[in-house]
Structure formats: structure tokens, C-alpha cells
């Protein structure tokens, strides 16, 4: 009979642990946009311009932090071990190609590079995502054609502290930042002056 309380305590612990959320620490970055760019980047002036997307550097103070659940008094972190700058550059390249722009791996007439200054999801009653990029466009000789900041946001509902919601929020905020970049008159002009 003495084993019954110990067994009951173990069972309660196991059941309680089964419902505890899995910490989202060191998760991989995953591209899961639910939005798409609505405006094509291609105009008659840009259809033959070869664009090369170079490196983006993560200049945030905490390179691992990509989100935080703030529903409880003690926030739950969301972190990654992946390179956020590389993730942004890879998906900028991919998304610009989908708009019809001629994105090349080398020998571009215009080269894009930049910094990731914000890449974060704050979860309270909803998921609020924000991505901010400082982008520079240079010509083949390295002369600066344009430099500016573009940002994107996303707000979504979803189950609490789920990786999928963080992935979708960050992906859609990055798509929004790219949409805003393509609509910037100075950026568009740089594509034709390279």
C-alpha cells in the first residue's frame, strides 16, 4: 500500500509534463509564407536588369532571439541557431525571382546587400511579427545607387506558443517588407540606373 502514493505522484507528474509546451529553443528557421507579393517587380525598364542578391548581416543584439510568448508573467523565449541574415537573403532572392525579376548568382548589373535590424514575433493574445531590413543597391563597380530601410509586419491568431505560427508570422512579415521594397520609388529607380 505504501507504493500507491509514490505511484500516484509519478503519474501526476507524467500527466502534467505531457501537457507542458515544448520549449521553442534552438528551432530551425522555416519558410512558410501564407501571403504573396501582389505587385510584380517587373516593368519594361527592369525586365532585362540582372540583379544579384548578396549577403545580409544580422545586426540585432541577440542573434538567436526570434520571438517571445508574453502571455504569462514569465515570458517563454523562441530562439534559433540558424543564420537569420542568410535566411533573409535566400528568401529575398527566391521571392524576387517569383516576381519576374532576373535574379542571378553572379555578374549582376545591380547588387543588393543589407542588414537585418529586426526579425521578431511578440506573442500576447495574437502573434505580432516585425521584420526590418536596411538594403543597399550598388552597381557592378560597387557604386552605391540607393540605400534605405524597408519593413514589414504581420498579425495573426493561432494556438499559443506554436512554432508554425512563428514561422508563418516571420515569413509573411518578410514578404510584406519585400512588397514595400518593390514599391519604393528610389529602389525601383536604382534597378534601372545600375
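The values are calculated or read from the model by the stated rules, or taken from the named source; none is laboratory data. If you're wondering where the values come from, they're calculated on a predicted model, not measured in any experiment. Please note: Cβ atoms are built from the backbone with ideal geometry, for glycine as well, and neighbour counts cover all protein chains shown.
Taking the range 21-40 as the search range and keeping residues that are surrounded by 13 or more Cβ atoms within 10 Å (Cβ to Cβ) and modelled with pLDDT of 95 or more, which one is nearest to residue 183 (Cα to Cα)?
This residue is 33.
With respect to residue 145, determine if the residue is modelled with pLDDT of 95 or more, buried (at least 17 other Cβ atoms within 10 Å of the Cβ) and in a helix (DSSP H, G or I).
no
Hey, among the residues in the range 41-61 that are exposed (fewer than 13 other Cβ atoms within 10 Å of the Cβ) and more than 24 Å from residue 106 (Cβ to Cβ), which one's modelled with the lowest pLDDT?
Result: 44.
With modelled with pLDDT under 95, crowded, with 20+ Cβ neighbours inside 10 Å and either part of a helix (DSSP H, G or I) or on the phi < 0 side of the Ramachandran plot (or both) as the only criterion, which of 170, 191, 181 stands out?
Sole residue among the options that is modelled with pLDDT under 95, crowded, with 20+ Cβ neighbours inside 10 Å and either part of a helix (DSSP H, G or I) or on the phi < 0 side of the Ramachandran plot (or both): 191.
The rows are residues; the columns are (1) free of Cβ contacts under 8 Å to residues at least 12 places away in the same chain; (2) part of a strand (DSSP E or B); (3) touching a helix residue (DSSP H, G or I) at 6+ places or on another chain (Cβ under 7 Å).
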residue	(1), (2), (3)
61	yes, no, no
106	no, no, no
129	no, yes, yes
154	no, yes, yes
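Taking the conditions exactly as written (surrounded by 18 or more Cβ atoms within 10 Å (Cβ to Cβ), assigned to a loop (DSSP other than H, G, I, E, B) and in contact (Cβ under 8 Å) with a residue 24 or more places away in the chain), does residue 161 satisfy them or not?
Against the criterion (surrounded by 18 or more Cβ atoms within 10 Å (Cβ to Cβ), assigned to a loop (DSSP other than H, G, I, E, B) and in contact (Cβ under 8 Å) with a residue 24 or more places away in the chain), residue 161 qualifies.
Of all residues in the range 68-104, which are in a loop (DSSP other than H, G, I, E, B) and either modelled with pLDDT of 95 or more or surrounded by fewer than 15 Cβ atoms within 10 Å (Cβ to Cβ) (or both)?
Matches in the range 68-104: 70, 71, 72, 73, 74, 75, 81, 82, 83, 100.
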